[in-house]
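The structure under discussion appears below in the form of structure tokens.
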Amino acid sequence: MTPQQHLLRGAIRTYQYTLRPIIGCNCRFLPHCSDFGLQAVAEHGALRGGWLTARRILRCNPWHPGGYDPVPPPSQNVTGTAHAPVPRPTKG
Amino acid sequence: MDQKRLLAAIALSVGILLLFDLWNRPAREAEQRRQAEISAQQAATAPAPGVPAPGVPAPGVPAPGVPVPAAPLATPGAPLATPGAAVAAAEAARAPETRLPIVNPRLQGSLSLRGARLDDLVLRGYRETVAPDSPLVRLLAPRSDANPYFAQWGWTAADGRTPVPGPETDWTAEGGTLSPTQPVTLRWDNGQGQEFRILLELDEDYMLTARQSVRNTAADAVQLLPWARVRRERTPQTAGFFILHEGFTGVLDGRLIEWKYSDAKTEAEKRRGPAMEQESTGGWIGFTDKYWLAALTPADQATQVRAAYRHSAEGGQDRWQLDLATPAAQSVAPGAEAGLATRLFAGAKEVHLLDSYESRLNIEGFDKAIDFGWFYWITKPFFYALDWLFGIFGNFGVAILIFTFALKLAFFPLANKAYISMARMKTLAPKMTEVRERYKDDPAKAQAEMMALYKAEKVNPASGCLPILLQIPIFFSLYKVLFVTIEMRHAPFFGWIQDLSAPDPTNLFNLFGILPYDPMQLSSFLHMPAWAIAMGITMFLQFKLNPTPPDPIQAKVFAWMPLIFTFMLASFPAGLVIYWTWNNLLSIAQQYWIMQMDKKRQASRPAAAPTPPKPLLAGKAEAKPAPKGRKG
């Protein structure tokens with residue numbers, strides 16, 4: 001892994017052990033956003049992994065149904081298919 | 001089993017900390033004694049206040065190429081100091097320095113006419129402690145004091161031959177006391193055709209304007225570099241807390257430049273020169289303490305200036321200086337006059353006052369002297385809101401409580417949204433138990449199935465990461481405002497809290513004052529005030545209501561968090577602990593209230609009806625039962 005990946009993963013780990021216990025564990029997804037981030041950064045690199053994680057966090061709000069949303073496999077064209085397994089929330 | 005081990009580990013850690021503290025004590029006390037001795041010695045030797053501190057040249061080593069003698073005073077003919085012992089001998093014979101009194105509604109002090117040094121200034125509106133008879137806060141102090149801190153105006157002879165006023169120069173003052181209605185001019189003639197003048201003006205608050213000028217009546221042009229400086233000859237006690245900046249600060253060309261004392265020292269040693277030196281159009285530089293500021297800025301913000309932060313070490317003492325000068329020496333032709341006009345702010349960092357100086361005098365970013373931090377655009381409005389509430393209720397503690405309540409109210413729809421779906425989730429209970437039964441041996445699979453179920457039924461008990469993460473900067477900002485603003489200083493609250501910015505004085509370890517001893521004498525860890533305990537209890541209760549992390553180790557950390565925080569916050573300003581306690585209480589109340597509403601809803605409709613509930617109770621909570629109306 002590159003130093004950037006280590007840095008990002010370290011930051012997420014730090015969050016999990018310090019901030020997360022204070023603010024509570026409120027994720028609507030499985031795996032949780034922080035676990036998703038750890039995996040995404042490891043598999044897709046710092047840049048793309050960070051991007052995937054940012055999008056995931058933006059989706060993690062009360063207007064999204066949440067649910068099972070794994071990290072997309074690295075071989076795919078990620079930006080195009082990242083959300084394919086998860087249907088977009090109904091918008092009305 | 002694991003719990004026991006963890007408990008043992010924590011007990012062991014606390015034990016080690018206590019032991020280390022005890023073991024360190026003799027060294028710490030010895031250090032304190034040494035410091036006291038040094039200051040006593042210096043107090044003894046200091047009465048020769050003008051002895052030019054060795055190795056401290058006048059400030060402003062200007063643009064390369066402009067020759068600036070390190071000792072601008074050793075010019076023959078000038079009635080100035082000669083280096084070495086002769087000074088001390090001459091010193092004894094000299095008349096004592098005369099002082100120019102300074103007074104306005106908020107400041108009092110005096111300026112030493114020997115060296116044009118403002119080294120005596122107290123703030124009339126602020127006292128050292130909450131006791132009504134405690135001494136006024138002293139901002140500037142002379143070299144004979146334990147913490148010398150002064151402002152000074154002068155010139156450097158860039159041509160190397162013009163006699164300039166130095167630290168031993170006795171200026172003459174025209175006019176009695178410097179006050180808002182009475183400006184004072186200091187004069188000194190070097191006897192070779194140059195007359196130096198400093199016109200001092202004081203406003204009603206904390207701003208002093210110094211207009212330095214020199215008139216050349218000699219036959220030749222002279223090269224002079226006017227400067228103003230603020231010097232601090234002892235490192236002040238800092239809070240050392242990472243969310244508060246103390247040290248050098250300033251805004252030059254619109255950019256905030258902050259240097260901690262320790263970093264400035266490292267940088268100055270590395271560069272073998274000033275820690276920071278920069279030219280700027282206008283701007284300001286200063287020494288910031290938590291609540292006080294001494295800063296320099298050009299009187300006309302269109303002036304091009306050269307600003308610097310400096311460090312030097314003398315006799316093991318760190319000395320700090322910031323100075324403002326013209327970018328290059330001024331050439332004063334025969335018959336001409338040249339100069340530099342600067343302002344010195346010396347006083348308390350009151351937000352409204354700094355704002356008004358910023359707009360009246362056009363000083364860019366002057367309010368950044370208060371460390372509002374990265375979230376300036378949140379923290380500053382928060383401060384205004386708190387200050388407004390303070391104006392209404394007359395108590396800063398009450399203002400904190402009401403403002404926190406208002407914030408919680410603003411975030412209520414988010415929290416509520418999550419709990420609304422809980423209602424529908426109850427209808428899923430049978431299906432959920434079914435899932436749990438089916439995957440009894442595979443918890444991960446069970447959780448995944450559960451998530452699928454949530455999605456299929458469009459319910460989810462958690463509010464999501466985004467709203468929670470959005471709240472972090474908000475609450476951090478509030479916390480920061482409470483920490484940095486002077487309005488919380490010496491502000492009382494109910495009961496035993498006399499000062500919201502100081503730690504709660506009560507202590508569990510002497511049973512809140514029943515036992516006649518101070519456990520803090522044994523170790524600074526033995527401090528457990530009442531409000532911190534209240535904070536710990538509310539935090540524990542709130543955690544009970546929060547979902548726990550899925551990871552077992554994290555869950556354990558989670559369980560110990562209230563205890564860790566209770567100890568961590570014990571020595572924090574009482575205002576922050578009260579705020580945190582109140583915030584926890586509000587979170588608990590909010591959760592409880594939503595749950596009660598939910599129960600009522602459950603009771604008022606058939607148990608298994610999957611349709612959204614009809615709004616029986618009025619209120620936002622049920623105004624929008626379907627999530628479709630809003631978009632994220």
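The values are calculated or read from the model by the stated rules, or taken from the named source; none is laboratory data. Fair warning: this is a prediction, and the values are worked out from it, not measured in the lab. Cβ atoms come from the backbone with ideal geometry, glycine included; neighbour counts cover every protein chain shown. Keep in mind that these areas ignore ligands, DNA and RNA; they rest on the heavy atoms of the full protein, side chains included. Shrake-Rupley method; radii C 1.70, N 1.55, O 1.52, S 1.80 Å.
Residues of the range B:564-598 that are under 19 Å from the mean Cα position of the chain (by Cα), hydrophobic (A, V, I, L, M, F, W, C) and open to solvent by 10 Å² or more (accessible area, probe 1.4 Å): B:F572 alone.
Within the range B:287-309, can you find the residues that are free of Cβ contacts under 8 Å to residues at least 40 places away in the same chain and not in a loop (DSSP other than H, G, I, E, B)?
Our first condition is that a residue be free of Cβ contacts under 8 Å to residues at least 40 places away in the same chain; within the range B:287-309, this holds for B:302-305.
Passing the criteria: B:Q304, B:V305.
Taking helices (runs of 4 or more DSSP H) as the structural unit, those lying wholly within the range B:427-512 and holding at least 2 residues that are within 25 Å of the chain's Cα centre (by Cα), at pLDDT 80 or above and buried (at least 19 other Cβ atoms within 10 Å of the Cβ) correspond to B:465-484. Tell me whether the range B:198-205 contains one or more residues that are out of contact with any helix residue (DSSP H, G or I) (no Cβ under 7 Å at 6 or more places or on another chain), closer than 20 Å to B:W320 by Cα and open to solvent by less than 60 Å² (accessible area, probe 1.4 Å). The answer is no; no qualifying residue exists.
Okay, residues lined up against (1) charged (D, E, K, R); (2) closer than 20 Å to B:E201 by Cα; (3) assigned by TED's automatic domain parsing to the domain that holds B:D318:
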| residue | (1), (2), (3) |
| --- | --- |
| B:L140 | no, yes, yes |
| B:D145 | yes, no, yes |
| B:A158 | no, no, yes |
| B:A173 | no, yes, yes |
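Cβ-Cβ contacts under 6 Å between residues 6 or more apart (or on different chains), taken from a first residue in the range B:241-256 that is farther than 24 Å from B:P573 by Cβ and assigned to a strand (DSSP E or B) to a second residue that is of a type outside the set (G, A, S) and open to solvent by 40 Å² or more (accessible area, probe 1.4 Å), are listed as B:F248/B:W259; B:V251/B:E364; B:V251/B:K368; B:L252/B:Q278; B:L256/B:K368. Would you confirm whether or not the range B:132-144 contains a residue that is farther than 21 Å from B:Y291 by Cα and not charged (D, E, K, R)? Yes, the conditions are met somewhere in the range B:132-144.
Considering only the range B:259-286, how many residues are of a type outside the set (A, V, I, L, M, F, W, C), part of a loop (DSSP other than H, G, I, E, B) and either open to solvent by less than 60 Å² (accessible area, probe 1.4 Å) or in contact (Cβ under 8 Å) with a residue 60 or more places away in the chain (or both)?
Within the range B:259-286, the first condition is being of a type outside the set (A, V, I, L, M, F, W, C), and the residues that meet it are B:260-263, B:265-267, B:269-274, B:277-283, B:286.
Filter once more, keeping what is part of a loop (DSSP other than H, G, I, E, B): B:272-274, B:282-283.
Going one step further and asking which of them are either open to solvent by less than 60 Å² (accessible area, probe 1.4 Å) or in contact (Cβ under 8 Å) with a residue 60 or more places away in the chain (or both), we end up with B:273-274, B:282-283.
Residues flagged as of a type outside the set (A, V, I, L, M, F, W, C), part of a loop (DSSP other than H, G, I, E, B) and either open to solvent by less than 60 Å² (accessible area, probe 1.4 Å) or in contact (Cβ under 8 Å) with a residue 60 or more places away in the chain (or both) within the range B:259-286 amount to 4.
Of all residues in the range B:134-151, those satisfying the criterion of being open to solvent by less than 30 Å² (accessible area, probe 1.4 Å) and part of a strand (DSSP E or B) are B:V137, B:L139, B:L140, B:A141, B:Y149, B:F150, B:A151. Taking the stated definitions as given, is B:G250 over 20 Å from B:F483 (Cβ atoms) and open to solvent by less than 10 Å² (accessible area, probe 1.4 Å)? Spelling it out, B:G250 is indeed over 20 Å from B:F483 (Cβ atoms) and open to solvent by less than 10 Å² (accessible area, probe 1.4 Å). Considering the range A:10-29, the residues that are more than 11 Å from B:F558 (Cβ to Cβ) and aromatic (F, W, Y) include one that is least open to solvent (accessible area, probe 1.4 Å), namely A:F29. For B:T162, the criteria (1) open to solvent by 10 Å² or more (accessible area, probe 1.4 Å); (2) touching a residue at least 60 places away in the same chain (Cβ under 8 Å); (3) not aliphatic (A, V, I, L, M) hold in every case but one, which is (1). Only strands (runs of 3 or more DSSP E) whose full extent lies in the range B:310-349 are considered here, and the ones with at least 2 residues that are crowded, with 24+ Cβ neighbours inside 10 Å and touching a strand residue (DSSP E or B) at 6+ places or on another chain (Cβ under 6 Å) are B:317-325, B:337-348.
Of B:G154, B:G176, B:G160, which residue is assigned to a loop (DSSP other than H, G, I, E, B), closer than 26 Å to B:F345 by Cβ and of a type outside the set (K, R)?
Of B:G154, B:G176, B:G160, the one residue that is assigned to a loop (DSSP other than H, G, I, E, B), closer than 26 Å to B:F345 by Cβ and of a type outside the set (K, R) is B:G176.
Within the range A:65-92, the set of residues being open to solvent by 50 Å² or more (accessible area, probe 1.4 Å), away from chain B (no Cβ under 14 Å), assigned to a loop (DSSP other than H, G, I, E, B) and modelled with pLDDT under 50 comprises A:A84 only.
In the range B:366-378, the residue that is nearest to the chain's Cα centre (by Cα) out of those that are closer than 17 Å to B:D289 by Cα and not hydrophobic (A, V, I, L, M, F, W, C) is B:D371. Of all residues in the range B:288-305, those that are more than 22 Å from B:A348 (Cβ to Cβ) and buried (at least 23 other Cβ atoms within 10 Å of the Cβ) total 2. Scanning the range B:181-203 for residues that are out of contact with any Lys or Arg (no Cβ under 6 Å at 6 or more places or on another chain) and over 17 Å from B:P101 (Cβ atoms) yields B:W188, B:D189, B:N190, B:G191, B:Q192, B:G193, B:Q194, B:F196. Would you check if there is a residue in the range B:371-383 being surrounded by 17 or more Cβ atoms within 10 Å (Cβ to Cβ), touching a Phe, Trp or Tyr at 6+ places or on another chain (Cβ under 7 Å) and not assigned by TED's automatic domain parsing to the domain that holds B:G282? Looking for residues that are surrounded by 17 or more Cβ atoms within 10 Å (Cβ to Cβ), touching a Phe, Trp or Tyr at 6+ places or on another chain (Cβ under 7 Å) and not assigned by TED's automatic domain parsing to the domain that holds B:G282, one finds at least one in the range B:371-383, hence yes. As a summary of the residue check, B:L409 satisfies the conditions (1) under 18 Å from the mean Cα position of the chain (by Cα); (2) open to solvent by 30 Å² or more (accessible area, probe 1.4 Å) except for the one numbered (1).
Here B:A530 meets each of (1) open to solvent by 20 Å² or more (accessible area, probe 1.4 Å); (2) at pLDDT below 70 with one exception, condition (2). Screening A:F29 with (1) within 8 Å of another protein chain (Cβ to nearest Cβ); (2) out of contact with any Asp or Glu (no Cβ under 6 Å at 6 or more places or on another chain) gives one miss only, at (2).
Here the range B:556-574 is the region considered, the condition is being touching a Ser or Thr at 6+ places or on another chain (Cβ under 9 Å) and more than 9 Å from chain A (Cβ to nearest Cβ), and the residue that is modelled with the highest pLDDT is B:A574.
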